[in-house]
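Okay, structure first, notes after.
The values are calculated or read from the model by the stated rules, or taken from the named source; none is laboratory data. Since we're looking at a predicted model, the values are computed, not measured. Here the Cβ positions follow ideal geometry from the backbone for every residue, glycine too, while neighbour counts run over all protein chains shown. Accessible surface is based on the protein model in full, side chains and every heavy atom, while ligands, DNA and RNA are left aside. Shrake-Rupley method; radii C 1.70, N 1.55, O 1.52, S 1.80 Å.
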Amino acid sequence: MRNSPQITVSYLVLCHDSPERIIRLVMKILSEDETGHVLIHFDKNSPESAYEELCVSLKDTTRCTVLANRVKCGWGQWSLVEASLRMLEDAFSNYKDDYYYLLSEYCYPVKPLSELKSFLAKNKGLSFIECEPSSWIKGGIREDRYLYRHFFNKKKSPLLHRWSYRLQKRIYFKKKWPKDIEVMFGSQWWCISHDHIAESHLLNNSDMNEFKLCWVPDECAIQTIIFKNIRRDKIVSQSLTYNDFDAQGIAMSVSLDYEFSDNVFFSRKNFV
């Protein structure tokens, strides 16, 4: 790891909804982390007026970038990984921070960010990303997520999504998965070190192409690349962001009296 008197962090925020919510998160991060950078990807499917409002509101905010190079994001599709990688590429090229922390606009700190940075300094050289076998998946398909081609957005075209998958199974149209790629699963909310991004060639790794027609690749693509290319003792298979889901895979809100574990610094859909 590069010698540095202080841990620096780029916070990458996937957004699609409320400029007000996003701005609140940005200001919270920048006020608590005086060396931090925030990069925002605003879904190109969302109203252009909301994107323009966000750009105008944050145009004079130092250490914050609203990406112009955006993609149309589809739930459970490759575009979410692509949006994350575009933010990561911008931050990796321009800021070269020690860590890159992926968040949602629905995330919010549950501890002072000084505690996050102290934690990362204490664990310098480690990356925090869940890398688990398919048993990590609570419900629904597992290996079939990547062994078949998922062409359609499940939320927009549920019947096409289901029929396409079932037809492929019926005619045994299974992908020939590379033997050297062991697919790992985990939360999409990770915190990866600068050196591990470089070492894994995460931003230009050809293995990533295998995941472009997978179902929910944000829960396996980056996890797999990191697991394949980084020493096991340098990966901590946990997310520093708390999130939980209902039976339909929808993120659940957190109650006011919830007690977070020591190694959790953000929460999704919390009470603030």
Hey, for a label at Ser93 modelled as a point 7 Å past Cα toward Cβ, could you say which residues of the stretch 40-78 have their backbone N under 13 Å away?
67-70
With a 1.4 Å probe and every protein chain left in place, tell me how much accessible area Arg149 has, in Å² to the nearest 10.
60 Å²
Students often forget the sequence filter, so: which lysines lie under 27 Å Cα-Cα from Lys124 once same-chain residues fewer than 8 apart are removed?
Lys28, Lys96, Lys111, Lys228, Lys234
About the Cα centre, and with charges only on the beta carbon of Lys, Arg (+1) and Asp, Glu (-1), how big is the dipole of the stretch 118-222? Nearest 20 debye, please.
860 debye
Pull up the cross-link candidates among the aspartates and glutamates for Lys138, meaning alpha carbon to alpha carbon under 17 Å and not fewer than 8 places away within one chain.
Glu130, Asp218, Glu219, Asp244, Asp246
Give me the percent of the accessible area of the chain that comes from carbon and sulfur atoms, probe 1.4 Å, all protein chains in place.
50 percent
In nm, spacing of pseudo-spin labels at Thr35 and Leu213 (7 Å Cα→C-beta vector)
4.6 nm
Please calculate the 1.4 Å probe accessible area of Asp233, with all protein chains present, and give it to the nearest 10 Å².
100 Å²
Taking R0 as 35 Å, what's the FRET efficiency between Arg166 and His201 from their Cβ-Cβ distance, rounded to 0.05?
0.45
Given a 1.4 angstrom probe, what's the average accessible area per residue across the chain, in square angstrom?
49 Å²
With a Förster radius of 25 Å, plug the Cβ-Cβ distance of Glu115 and Thr61 into 1/(1 + (r/R0)^6) and report the FRET value to the nearest 0.05.
0.60
